[in-house]
Structures are given as structure tokens and as C-alpha cells.
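Here's the structure, in C-alpha cells; my notes come after.
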């Protein structure tokens with residue numbers, strides 16, 4: 001198991017979360033880049049690597065709010081394990097199935113973290129942040145999956161113009 005790609009994934013997440021996320025947010029709605037990275041690692045890596053990455057990404061994500069760290073570790077490890085198991089059983093050629101799983105994981109992560117933070121304002125947070133954040137994450141995740149699978153390439157973009 002090579003560690004360097006996973007360190008780069010976590011560095012990308014922390015760089016995005018601390019510096020770039022405020023610049024690309026739309027009316028307070030942010031992309032959940034960590035879920036995109038976790039889902040991609042769950043799809044394309046082995047079960048052992050996925051579980052370890054889920055635990056470490058939960059530690060990194062929970063480092064800003066120490067009271068949320070156990071929840072982040074639990075939900076990210078669970079998500080990456082489920083995605084890894086589902087990824088071995090579905091057609092990974094289909095981008096639609098990957099996007100559907102990404103959407104489900106984004107909603108589950110948002111719901112669990114919101115319920116851990118403030119269960120009293122759950123429905124407001126669901127309508128105001130979780131659902132728009134899921135849509136925004138799906139758009140960015142779709143672009144990433146299309147590029148990764150070769151549906152969007154530089155030569156195809158140049159052919160349009």
C-alpha cells in the first residue's frame with residue numbers, strides 16, 4: 001500500500017476546506033469534497049485501504065471540531081466501507097450509478113453531522129444547506145467522474161471550438 005496518494009488526497013481536502021471553500025461557495029452552500037474523495041477511494045481501492053483511509057479522513061475532518069471527531073470517523077468509515085462493498089457488486093462502467101451513490105453518501109453524511117450538531121434545527125438545515133450542498137456536490141462529482149472515465153477529454157473540448 002502506497003501512502004503518498006492518500007496523503008495528497010487529505011492535503012487536497014484540507015487545502016480546499018481552509019482556503020478555497022469560501023471562494024467557491026454559493027450563498028453558503030459548499031461542495032463536500034471530502035465525500036467525493038471518500039467515494040472515489042471506496043470505488044477504486046481495496047477494502048483494507050478504504051477502511052484505513054476512512055478512519056484517517058474522519059480524524060482529519062474532525063480536527064476542526066473535536067466534539068464531532070467520533071461522528072466523522074464513524075460516518076466516513078461506514079460510508080467508505082459501504083461504497084467499497086457496493087462498488088464490487090455494481091456496474092462501475094455506468095456514471096449514473098456512481099453519481100447516485102455519491103448523492104446518497106452526501107445526504108447521509110450531511111444528515112448525521114447535522115443531527116450530531118443541532119437536532120433542533122434539522123429541517124431548516126436540511127432545506128437550507130444539506131440538499132443544495134448535495135446538488136452542488138453532485139455537479140462537481142459528475143464532472144470529476146466524467147473526466148475520470150474519459151467522457152470529457154481535452155481533445156473533445158477542443159473539437160467543440
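Report yes if residue 31 is in contact with a helix residue (DSSP H, G or I) (Cβ under 8 Å, 6 or more places away or on another chain), within 20 Å of residue 92 (Cα to Cα) and touching a residue at least 24 places away in the same chain (Cβ under 8 Å), otherwise no.
Details: in contact with a helix residue (DSSP H, G or I) (Cβ under 8 Å, 6 or more places away or on another chain): yes; within 20 Å of residue 92 (Cα to Cα): no; touching a residue at least 24 places away in the same chain (Cβ under 8 Å): yes.
Against the criterion (in contact with a helix residue (DSSP H, G or I) (Cβ under 8 Å, 6 or more places away or on another chain), within 20 Å of residue 92 (Cα to Cα) and touching a residue at least 24 places away in the same chain (Cβ under 8 Å)), residue 31 does not qualify.
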- Query: Pairs under 6 Å by beta carbon, first residue free of Cβ contacts under 8 Å to residues at least 24 places away in the same chain in segment 1-19, partner in a helix (DSSP H, G or I) and surrounded by 11 or more Cβ atoms within 10 Å (Cβ to Cβ), six or more apart or different chains?
  - Reply: 16/33
- Can we say residue 145 is in contact (Cβ under 8 Å) with a residue 40 or more places away in the chain, within 14 Å of residue 39 (Cα to Cα), under 15 Å from the mean Cα position of the chain (by Cα) and surrounded by 12 or more Cβ atoms within 10 Å (Cβ to Cβ)? yes
- Could you check how many residues of segment 25-55 are modelled with pLDDT under 85 and either over 16 Å from the mean Cα position of the chain (by Cα) or surrounded by 20 or more Cβ atoms within 10 Å (Cβ to Cβ) (or both)? 1
- On the given criteria, is residue 132 surrounded by 14 or more Cβ atoms within 10 Å (Cβ to Cβ) and closer than 24 Å to residue 29 by Cα? yes
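The values are calculated or read from the model by the stated rules, or taken from the named source; none is laboratory data. Note that the structure is a prediction, hence the values are computed from the model and not measured. Using ideal geometry, Cβ is built from the backbone for each residue, glycine included, and neighbour counts are taken over all protein chains shown.
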